[in-house]
Amino acid sequence: MVCRLAESGMASNAAVHVAVPSTWVLRFADLVPRLGPVLDVACGYGRHAHLFASKGYRVMAVDRDRQALAASSCIHGVQTICADLERGSWPFTLNAFAGVVVTNYLHRPLLPSLIAALGAGGVLIYETFSAGNERYGRPSRPDFLLQPGELLRVAAGLRILAFEDCYVERPAPALVQRVCAINATDVPTAPLRGGFG
């Protein structure tokens, strides 16, 4: 499957800093309930933290790179947390977040914690590279590439609103998986902007 959405927000294989939010995150951001904070995991320079803060959400932006976090530290509504989630313990409370956003990042031991961090009605928006991406550049190590259907299996306990396992052309050719899922049995009655993936 070739996804023809403008992927101007995804970090390119050439490691170019991109400030534009991912179109996948933009597509589903308005589904995140307004009652709780949003967790932006491995947020980098904070493009998604900025997006959610601009929509009035409280955001916790976590990354291990202090310099990258500095870009978000002065944004109203964004709390930055410098933490190495791969070496330390999970610093967040269970069921605490209305939304969990992850892009271009994979550390498999964290996946259950990401799901457990969602509160009732909370929305998971996740997008990262998948197996086969090594043909197009980085990341190329299997540790950083999802296996076929893996992200769908990770979200299996949630209500899947959209899932794609596809090739994107922009900002650079890549193979990705992405999911939007809700921690609830009820799906919003209003139609989703952009339909289902």
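Laboratory data are not the source of any read-out in this text; all were calculated from the coordinates shown. Remember, it's a predicted structure, so these values are computed and weren't measured experimentally. Note: ideal-geometry Cβ built from the backbone for every residue, glycine included; neighbour counts use all protein chains shown.
Observations on the model:
- Under 5 Å, built H, 5+ apart or other chain: amide partners of MET60: VAL38, LEU39, ASP40, GLN79
- Proxy reagent accessibility, fewest Cβ within 10 Å first, across SER130, SER113: SER113, SER130
- Order by protection proxy (mean Cβ within 10 Å, highest first), peptides 151-162, 38-49, 97-108, 55-66: 38-49, 97-108, 55-66, 151-162
- Segment LEU152-ARG64, length gained on full extension (0.36 nm per residue, minus Cα span): 29.0 nm
- Taking all Cα pairs closer than 8 Å and separated by 6 or more residues, the relative contact order of segment 18-166 comes to 20 percent.
- Shape call, segment 18-166: gyration tensor on alpha carbons, a/c limit 1.5: rounded
- Near-label residues of segment 112-135 by backbone N, under 13 Å of a point 7 Å along Cα→Cβ of ASN95: 116-122
- Theoretical gain in end-to-end length, ASP84 to ASP30 [0.36 nm per residue, Cα-Cα removed]: 16.6 nm
- Mean separation of Cα pairs under 8 Å and 6 or more residues apart, divided by the residue count, gives segment 96-166 a relative contact order of 31 percent.
- Global geometry of segment 50-129, whether rounded, prolate or oblate, following the gyration tensor of its Cα atoms and the 1.5 cut on a/c: oblate
- Sorting the segments 174-180, 119-125 by their residues' average number of neighbouring beta-carbon atoms within 10 angstrom, most packed first, yields 174-180, 119-125.
- In range of the label at VAL20: residues from segment 40-82 whose backbone nitrogen is under 20 Å from the point 7 Å along Cα→Cβ: 44-55
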